[in-house]
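Before any comments, here is the structure.
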Amino acid sequence: MRPVLRLLPLPLCIALCLPAHAADDGPQNWRLCPIGDVVPPFADANLAPQGLNIAPLGKNPTDIEGDMLSGTDANPVFQGNVTMRRGNQFMGADQLTFDKENGKYAAEGSVRFQANGLRLRAARAEGDQDADTHRIEDLQYQLLSRRGNGRAQSLTMTGDNGSLHGATYSTCPPEARKWELEARSIDIDTETGMAVAHGASLRMGTVPVLYIPWFMFPTDDRRRTGLLYPSLSSSSRNGFDWRQPIYLNLAPNFDATLNPRWMSKRGGLLGGQFRYLVEDGRGILDAAWMPHDNLRDRSRGSARFEGFHNLSGSWQARASLSWISDPRYYEDFSSSIDGLSRATNYSTLGLYGRGRSWTAGVTADHWQLADYTLSEAVLPYDRLPRVFATWEQGVGSRLRAGIDAEAVRFHHPVYAAGARLDLRPWVGMPLEGDAWFLRPTLAWRYTGYSLDRTLGQTLGGTSPSRGQSIFSVDSGLFFDRETTVKGKRYLQSIEPRLFYLNVPYANQDDMPVFDTQPLTFSWSQLFRDNRYSGADRQADANQLTLAVSTRLIRQSDGFERFSASLGQIRYLKESRVRLPGEPITEQGGSAWVADVNYAPTDRWTIGSSYQRDPKFKRTDLASLRARYLLPDDGVFNLSYRYRRALLEQLDVSFLYPLNASWSVVGRSYYSLRDSKPLENLAGVQWDSCCVAMRLVARRYVRNRAGDLDNALLFEIELKGLGGAGQDARRVLRRSILGYNRDDLYLVPPQTATGQPSTPDNANTLP
């Protein structure tokens, strides 16, 4: 029975053609639209599990059953609960007539069809298998693998070409049609995967809002060259802003997108993205060029490349290259505080290797000025190139030994530079038990330079060097007990820790400062063997860190209800090594570092970090973080950040549901130090089963001078199809942590400074 096989591509054309060009705007919120069956399941279908093909259709027999068989051998007629099955396809009807001699068939009365991803019912289906023509009349369909349903007056198919007449599509249920796509006719070519719609319109309720007399679009997932959705917006900075992306399908493993853009106040800009994927790597190149910016009276542009290539099982080449035409670029083309806060533009490329006990690499990096209020004198030194290697391995049953090595040639556009060699061999004896650890380590660090003549004359020599021993002992205990709080079982731990560090003094005043800065004082700083980043300074030390941590963990699921940490460094002797202009670290105690996190309920989380300097009796750092998860996906955030002589900020944001459909959003991000808002935001949202609308008013810092700008954002989203207006959803996700609940699980852990921590491999690509 070949006719059954031809029924599969016909309804799939309906399922794919109208929603095929829908925009991918990320996860949709369907909580107001529980999954319902527009086309009820067929009790007699008895299909294989959804999404499972038992075997290719050509290798599966066609089984036909019915209550009664009449007619002749040449013209059989199946009547009463007729079912046909082949693989994971099912077709049912009240009556099926088949003319074997002429190859014609007709199915009448409650025609039903179901296959992977689709279920439909129709009044009648007929066809000619010899002529390969088929027709289905008065059909209703439902997509099973994604949201979507609709109707069609008829569908005709000849070979791989077909036509839909009077077709509709929507993600709304039939009883609440907030929006619907309609087309007078759609001509489909399943071989090429393209379709042409005639007389297409979009209706909001019963009101037509968009009419397109003719357009061509894809019906499957094959990539094709064509226009993407345009973007329209308006701002006081750029004026009317229009973008029209054009997608170019160049090859199966690489493509490009052109982004022509016109701003009424600035002029035209051409942007683009090129992507490639090969067996051992991938990469993305983004670029933009503006021949003439009317506001700056000059050409503007930017480029960025991110990519990697696996050369072998141990070696990988990676690149992260970025370029901007001028230091005002980020200020002019960024609408967020994050863009305005960038003072430099960083590029790096390198060859990286990793083995069982070693790592190595050859890299180069470059810094570019991205803040017009600064000069190139503030730029970090370029490293052209940097060669590094590490090795670590067990020696005997108790010892571990290793070496860290680095050689760098520095370059700077303003200052003289030079080359540096840094070697750090070490040996350790880690001892551990179930409730304790003791890790003594002895290292020797040598750092030598070959400086440019100008710099050498300033410092008193072109070949300064330094050699120091570094001895440390890290130790800790683990105490835990089971306890019960409000009828729930918890595991409480107390973890005292001692860290001793001894590094003899070596005069380093004749050594340059290329890439070394004091590390931000934090909890992790209590247990490091150097308070500086980079190798230009190795701090002398005779100090002892005393710290203790405690945790309360719910045993049923591992949820950490409470945690607290407290620690301080006791300097047994003053530390005389310092950077130019930095004071000596005197004998006595460092600032106390305290971190506390508490979850009163599963919805509340509260955290605080605090640093208090007992010597000067002042607060160096304070932060408070609180989050409450409201019912119905609401959230309330409160944070306060203070760093002495640098910043004091208050940030309040919320998403508050008024009912199932309406919610209000807001954010107030305020600098107490400057008595000035950084961003204020207020808006209202309306959500329904298949439509969402957002109206947001925003006032934000738009340039480095601190000037404020106003914006009014309106967006309407047709779920499963796309959206129109400015991207208010993106602004809300950036401004309100937890606006999308999934974002809460992507937030990096907080350090004692209240800022996201950076993992050791943050510069690597997946």
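With q set to 0.27, 0.32 Å⁻¹, the log10 of I(q)/I(0) for segment 397-444, from the Debye formula over equal scatterers at the Cα positions, is -0.97, -1.10. Show which aspartates and glutamates lie in cross-link reach of Lys573 when reach means a straight Cα distance below 17 angstrom and same-chain residues fewer than eight apart are skipped. Within the straight-line cut-off, Lys573 pairs with Asp529, Asp540, Glu586. When both segment 429-476 and segment 596-667 are represented by their alpha-carbon centers, they are found 39 Å apart. Of interest is the spacing of the C-alpha centroids, which for segment 480-535 and segment 279-324 amounts to 37 Å.
Using every pair of separate Cα atoms, the Kirkwood estimate puts the hydrodynamic radius of segment 446-494 at 16.2 angstrom. Computed 3J(HN,Hα) for segment 603-617, one whole-Hz value per residue from the Karplus formula 6.51 cos²θ - 1.76 cosθ + 1.60 where θ = phi - 60°, is 9, 9, 9, 10, x, 8, 10, 8, 10, 10, 8, x, 5, 9, 6, glycine and proline marked x.
Packing here is the average count of other Cβ atoms within 10 Å per residue, and on that basis the peptides 371-382, 147-158, highest first, run 147-158, 371-382. Between Glu101 and Ala564, the simple label model (points 7 Å from Cα in the Cβ direction) yields a spacing of 9.6 nm. Structural size metrics of segment 274-392, computed from C-alpha coordinates, are Rg and Dmax of 17.6, 58 Å. With the simple model of a label 7 Å out from the Cα in the direction of the Cβ, Ser469 to Arg356 spans 3.3 nm. Residues in segment 388-404, backbone N under 15 Å from the label point at Trp444 (7 Å along the Cα-to-beta-carbon vector): list them, ranges by number please. Under 15 Å, as judged by backbone N against the label point of Trp444, lie 402-404 of segment 388-404.
What's the magnitude of the charge dipole for segment 374-452 around its Cα centre, counting Lys and Arg as +1 and Asp and Glu as -1 at the beta-carbon? Answer in Debye, nearest 20.
Dipole of segment 374-452, to the nearest 20 debye: 200 debye.
By the rule of a C-alpha distance below 23 Å, with chain neighbours fewer than 8 residues away ignored, the lysines paired with Lys178 are Lys719. Stretching Gln492 away from Ser201 to a fully extended chain increases their span by 98.4 nm, per 0.36 nm per residue minus the current alpha-carbon distance. The computed mean projected area of the Cα convex hull in nm² for the structure shown corresponds, within (1) 33.3; (2) 42.3; (3) 36.5, to (2). Taken along the Cα-to-beta-carbon direction at a fixed 7 Å, the label points for Asn310 and Leu228 span 2.8 nm. What residues of segment 525-540 lie in the reach of a label at Val513, counting those whose backbone N is under 11 Å from a point 7 Å from the Cα along Cα→Cβ? Once the point is set 7 Å along Cα→Cβ of Val513, 537 turn out to lie under 11 Å by backbone N, inside segment 525-540.
Values quoted throughout were computed directly from the atomic coordinates according to the rules given, and no laboratory measurement underlies them. Not measured: the values here are computed from a predicted model. Virtual Cβ from ideal backbone geometry, glycine too; neighbours counted across all protein chains shown.
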